[in-house]
Amino acid sequence: MRRRNFLALGSAGIAMAGATKRPALETDWCGCELQTPAGGRGMRAQTGPVGLEAFADVSSGLKITGMKVFGVSFNPNSDRPYVFVKLETNRGIIGWGEGTLEGKAGAVMACINDFKDFLIGADPMQVEHIWQSMYIHSFYRAGPVIGSAISGIDQALWDIRGKALNMPVYKLLGGPFDPRGVRGYYHVDGATHDQLVQIRATAHEQGITCVKSGIPGYYEWIERRPKIDRAIKAMQMLRETLGPDIDIAIDFHAKTSPSVASVIVKEVEPLNLLFIEEPCPPENVQAMAKIARRSTTPIATGERLIASYGVREILEMGVVDILQTDINHVGGISGLWKVAATANVSSISMAPHACEGPIGGLATIHVDAAMPNFVVQEICGLVKPTATDKIWEEWFGFPAMRMVDGRFPLAEKPGLGFELSEASLAKYPFGGTHPMARVFHEDGSVAEW
Amino acid sequence: MNAFVTRRRARLVAGFAPQAAAAATRPGGLDIAEIRHFPVREPVSGNRYSLLRVKTRTGLTGWGECRFDPTADFKALETAWIGRPANAYATIAPSTPFRAALDIALLDILGKAANAPVYRVLGGPTRSKVRAYSSPHTEAFPVAVIDVPAPVSRNQGKAYQNKVLELVNAVPAERDFVLAGNGLLTPGDAASVAATVETKHPLWFDEPCSHSNIDAVRKISGETVVPLGFGAGIDDPGVFQALLREGLIDVVRPDIGIFGISGTKRVAALAEPYYVAVAPRTSGGPLGTAAAIQLAASVPNFFIQHVPIPAAEQDRAMRREIVSSAIEAGNGGFLQLPKAPGLGITVNEAALEKYHAA
């Protein structure tokens, strides 16, 4: 059976006109013939930028002239070197984006380079069009590697369009809903009573209204009593020590099965948590529904989901209360905005994930500011600034991703709102790709981290 | 068909002809020459199970075990399998008599032919030791099994729930337990018992009601979060699928004496995308336990293995006698992985005669 008839496709004919002199043969419907040593006789891969000829009359005049990909490692063993993309244009406007993917830095960097042909010479203002081409013309759609590569490029394209239009991105998106900024939360790094008391005091000082912690340990799909008891006690202590006026979220990090999560989640209902996150792994929506239907605690998930296509089923089934897609994986600003728009129709809220570098962090604030259904923004920082916060401040000249009165302030400059020099990144050369933590159970079997 | 395709096909057939001819006439070294059935009985408990010995032409011997079934047609097994290759365990039809024992025996042979334990043949080991429990619990197997008291009437209410709670409270807080309903309870009783013990964190509630009453299972699963385990008597993987699909089961418990090693592995694979653990059942002898250990080290989602250690010392002695190694000896709640090829055990045929279930 023929899946496509290229002779009949007018628009495809135009798209391919630059590359092929004669019409494609019907027999070459899957592109397999490109594999032959002779290079095939039918359909050819399009080379060059996206849709240049068709848009010649409506071009903005801006052209992408260069692309650079940076791997940035704070230490040579880092499992998540930042993957940054820099796009250059014929008018000197520069765009930055981030596609950091934990444990797979090399793959994302290579994938961004694979998209170079889509970009050089293209009009950067056509972000939606370029996004579509990168996603659709990747054929297999996007998993985390392609998703992160598209995310980095998309952010850089938005940075350029903001600068070209002389507006911060959140204004281009129609925001802000709240000029004071977007509410955020830090992670809790303490487990003892004394540490938590200290965190509480610092949080009150800084006006921080929300924090997140994780459940301790690793879990098999059925779990032993001592581990379940310990997890519940840890959460109870958080609430008792942090008090009633700080919102608490608990990250299950997909370490638990629906069976184990159901037991724990039901028992912590009296703690009035803001949400519990990833109570089970992401592949099976029905499995997560099993947890949701037996608990009143709001459930959040989504950091591993790509594009609005990736969240459709979970939205339709009404399984979660909050989506957490990540601007560095979901498809950048375009991807995150579409997920939020789709979720809003189902009255589902947004609390985007961010546990990578500062470009994605700064970019996500723009989208948050323009979401009607925004709840809270993550950053993988701590209530007390760390060495990472210091480097970020050196890079950008302002304390990137630090909250003021519990909110991330909005940018005033156009685009994503920052300047970044290649020289400042050079201090932290790429240390190579390193896997994320690999953990195992007592019997040596593979555990979720 | 056009001329080009015809010519091409003819050329291919000619090219492969020598190989095909050789394969058709050459008897494989792993072809099955003989199958023997040894039904045995534990002297005190009276528990019976069937052992199969399968020999290949080249003299490799494999052992398997399944549930004892007096109606199983041994002749039909011989007709179907004598002369067939012993490596083809995946081709055993579900309707084959003694199918679990045959599956285990063929994997034993395959392991011996490959000079590797079965778990290595199947892509393991996925773990270095195998969590296990027995009833009653012992020092070697500390997990407790609490059988619900036999109900004196239907829909018994609070007094009965308290009776169960008392039994649960008698187990020290640091000791894990399985609550075994043994399919005895009505849906209402099962749901209220589950709700009563919910915060005591049982590993799971085993057979809270009959799995065939799926509405009852829905009710229990909807009203409580106690993990539910099913598997008793299930001989069709589709039953597990029906329960998994609706999220009604938390522990799949296929019986190794029904599914064999590879059939249980398939059920474990079925449960995997639902994030559901497998805790296989075996109600037979030490060979069943040996097979269970190999299975546990071959799948990712194994949680725990029940070892049906009998109460009477005489029966326990019999289990040690028919299989050479201390395969069922536990340590700190775990069984050890054997390192020898196949199942990693040798069977004492004289002892099988001694305990023959005539």
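The values are calculated or read from the model by the stated rules, or taken from the named source; none is laboratory data. From a predicted model like this one, the values you see are computed outputs, not experimental measurements. Neighbour counts run over all protein chains shown; Cβ positions are idealised from the backbone, glycine included. When the accessible area is computed, the model is the full protein with side chains, heavy atoms only, and any ligands, DNA or RNA have been set aside. Shrake-Rupley method; radii C 1.70, N 1.55, O 1.52, S 1.80 Å.
Just name the residue that is farthest from A:MET235 (Cα to Cα) out of those in segment A:290-316 that are buried (at least 19 other Cβ atoms within 10 Å of the Cβ) and over 23 Å from the mean Cα position of the chain (by Cα).
A:LYS290
Only helices (runs of 4 or more DSSP H) wholly contained in segment B:247-358 count here; list those with 3 or more residues that are touching a Lys or Arg at 6+ places or on another chain (Cβ under 8 Å) and modelled with pLDDT of 95 or more.
Because the criterion is at least 3 residues that are touching a Lys or Arg at 6+ places or on another chain (Cβ under 8 Å) and modelled with pLDDT of 95 or more, the helices (runs of 4 or more DSSP H) in segment B:247-358 that meet it are B:256-271, B:286-296.
Within segment A:262-270, can one find any residue that is closer than 20 Å to B:THR199 by Cβ and among the polar types (S, T, N, Q)?
yes
Within segment B:1-116, considering only helices (runs of 4 or more DSSP H) that don't extend past its boundaries, which have at least 2 residues that are polar (S, T, N, Q)?
Filter on segment B:1-116 gives B:3-25.
Within segment B:284-319, work out how many residues are polar (S, T, N, Q) and in contact with a strand residue (DSSP E or B) (Cβ under 7 Å, 6 or more places away or on another chain).
Of the residues in segment B:284-319, 3 are polar (S, T, N, Q) and in contact with a strand residue (DSSP E or B) (Cβ under 7 Å, 6 or more places away or on another chain).
I'd like the residue in segment B:73-91 that is open to solvent by less than 30 Å² (accessible area, probe 1.4 Å) and aliphatic (A, V, I, L, M) and, out of all such residues, is nearest to B:LEU51 (Cα to Cα).
Top of the filtered list is B:LEU77.
Could you check segment B:206-232 and list, in sequence order, the residues that are more than 23 Å from B:ALA268 (Cβ to Cβ), among the hydrophobic types (A, V, I, L, M, F, W, C) and not in a loop (DSSP other than H, G, I, E, B)?
B:ALA216, B:ILE220
So, in segment B:157-182, how many residues would count as being more than 14 Å from every other protein chain (Cβ to nearest Cβ) and either buried (at least 19 other Cβ atoms within 10 Å of the Cβ) or under 28 Å from the mean Cα position of the chain (by Cα) (or both)?
Residues that pass the stated criteria total 5.
Out of the residues in segment B:244-297 meeting the condition of being among the charged types (D, E, K, R) and within 14 Å of chain A (Cβ to nearest Cβ), tell me which one is farthest from B:LYS339 (Cα to Cα).
Here the answer is B:GLU246.
Got a number for residues in segment B:202-242 being of a type in the set (A, V, I, L, M), open to solvent by less than 10 Å² (accessible area, probe 1.4 Å) and within 18 Å of B:ASN182 (Cα to Cα)?
Number of matching residues: 7.
Taking segment A:274-289 on its own, how many of its residues are open to solvent by 10 Å² or more (accessible area, probe 1.4 Å) and in a loop (DSSP other than H, G, I, E, B)?
Number of matching residues: 4.
Could you list, in sequence order, the residues of segment B:246-278 that are open to solvent by less than 10 Å² (accessible area, probe 1.4 Å), touching a residue at least 60 places away in the same chain (Cβ under 8 Å) and either among the small types (Gly, Ala, Ser) or over 17 Å from B:ALA100 (Cβ atoms) (or both)?
B:GLY260
If you check A:SER148, A:SER78, which single one turns out to be in contact with a Leu (Cβ under 7 Å, 6 or more places away or on another chain) and open to solvent by less than 40 Å² (accessible area, probe 1.4 Å)?
After ruling out the rest, the residue left standing is A:SER148.
Residues are listed down the side, and each one gets a yes or a no for (1) under 22 Å from A:LEU173 (Cβ atoms); (2) in a loop (DSSP other than H, G, I, E, B); (3) modelled with pLDDT of 95 or more; (4) among the basic types (Lys, Arg):
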position: A:GLY66; (1), (2), (3), (4): no, no, yes, no
position: A:GLY95; (1), (2), (3), (4): yes, no, yes, no
position: A:GLY103; (1), (2), (3), (4): no, yes, yes, no
position: A:TYR135; (1), (2), (3), (4): yes, no, yes, no
position: A:ALA142; (1), (2), (3), (4): yes, yes, no, no
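Need pairs with beta-carbon distance below 6 Å; first residue away from chain B (no Cβ under 14 Å) and assigned to a helix (DSSP H, G or I) and within segment A:241-267, second open to solvent by 10 Å² or more (accessible area, probe 1.4 Å) and among the polar types (S, T, N, Q); sequence gap 6+ or separate chains.
Pairs found: none.
Just to be sure, is A:GLY174 in a loop (DSSP other than H, G, I, E, B), more than 18 Å from A:THR325 (Cα to Cα) and touching a residue at least 60 places away in the same chain (Cβ under 8 Å)?
When the stated conditions are applied, A:GLY174 passes them.
Looking for something surrounded by fewer than 24 Cβ atoms within 10 Å (Cβ to Cβ), within 21 Å of the chain's Cα centre (by Cα) and under 19 Å from A:LEU420 (Cβ atoms) - is there at least one such residue anywhere in segment A:83-95?
Yes, because at least one residue in segment A:83-95 is surrounded by fewer than 24 Cβ atoms within 10 Å (Cβ to Cβ), within 21 Å of the chain's Cα centre (by Cα) and under 19 Å from A:LEU420 (Cβ atoms).
For segment B:183-201, how many residues are in contact (Cβ under 8 Å) with a residue 40 or more places away in the chain and surrounded by fewer than 24 Cβ atoms within 10 Å (Cβ to Cβ)?
Residues flagged as in contact (Cβ under 8 Å) with a residue 40 or more places away in the chain and surrounded by fewer than 24 Cβ atoms within 10 Å (Cβ to Cβ) within segment B:183-201 amount to 1.
Output the residues belonging to segment A:213-235 that are at the interface with chain B (Cβ under 10 Å from one of its Cβ atoms) and either outside any helix (DSSP H, G or I) or in contact (Cβ under 8 Å) with a residue 60 or more places away in the chain (or both).
Passing the criteria: A:GLU220, A:TRP221, A:ILE222, A:GLU223, A:ARG224.
How many of the residues in segment B:129-147 are touching a strand residue (DSSP E or B) at 6+ places or on another chain (Cβ under 9 Å), in a loop (DSSP other than H, G, I, E, B) and among the hydroxyl-bearing types (Ser, Thr, Tyr)?
Matching residues across segment B:129-147 total 2.
Name the residue, out of B:ALA33, B:ALA101, B:ALA88, that is in contact with a Cys (Cβ under 8 Å, 6 or more places away or on another chain) and aliphatic (A, V, I, L, M).
B:ALA101
In segment B:108-135, what residues are charged (D, E, K, R), surrounded by 22 or more Cβ atoms within 10 Å (Cβ to Cβ) and within 14 Å of chain A (Cβ to nearest Cβ)?
Once the filter is applied, which keeps residues that are charged (D, E, K, R), surrounded by 22 or more Cβ atoms within 10 Å (Cβ to Cβ) and within 14 Å of chain A (Cβ to nearest Cβ), segment B:108-135 yields B:ARG127, B:ARG131.
Please state which of the following conditions A:ILE333 fails to meet, knowing it meets all the rest: (1) out of contact with any Phe, Trp or Tyr (no Cβ under 6 Å at 6 or more places or on another chain); (2) open to solvent by less than 10 Å² (accessible area, probe 1.4 Å); (3) closer than 17 Å to A:GLN132 by Cα; (4) among the aliphatic types (A, V, I, L, M).
(1)
Quick check on my filter: what residues within segment A:208-233 are closer than 25 Å to A:ILE379 by Cα, open to solvent by 20 Å² or more (accessible area, probe 1.4 Å) and out of contact with any strand residue (DSSP E or B) (no Cβ under 8 Å at 6 or more places or on another chain)?
Scanning segment A:208-233 gives A:PRO216, A:GLY217.
Given (1) surrounded by fewer than 23 Cβ atoms within 10 Å (Cβ to Cβ); (2) within 14 Å of chain B (Cβ to nearest Cβ); (3) under 26 Å from B:VAL197 (Cα atoms); (4) not acidic (Asp, Glu), identify the lone condition not met by A:VAL319.
(3)
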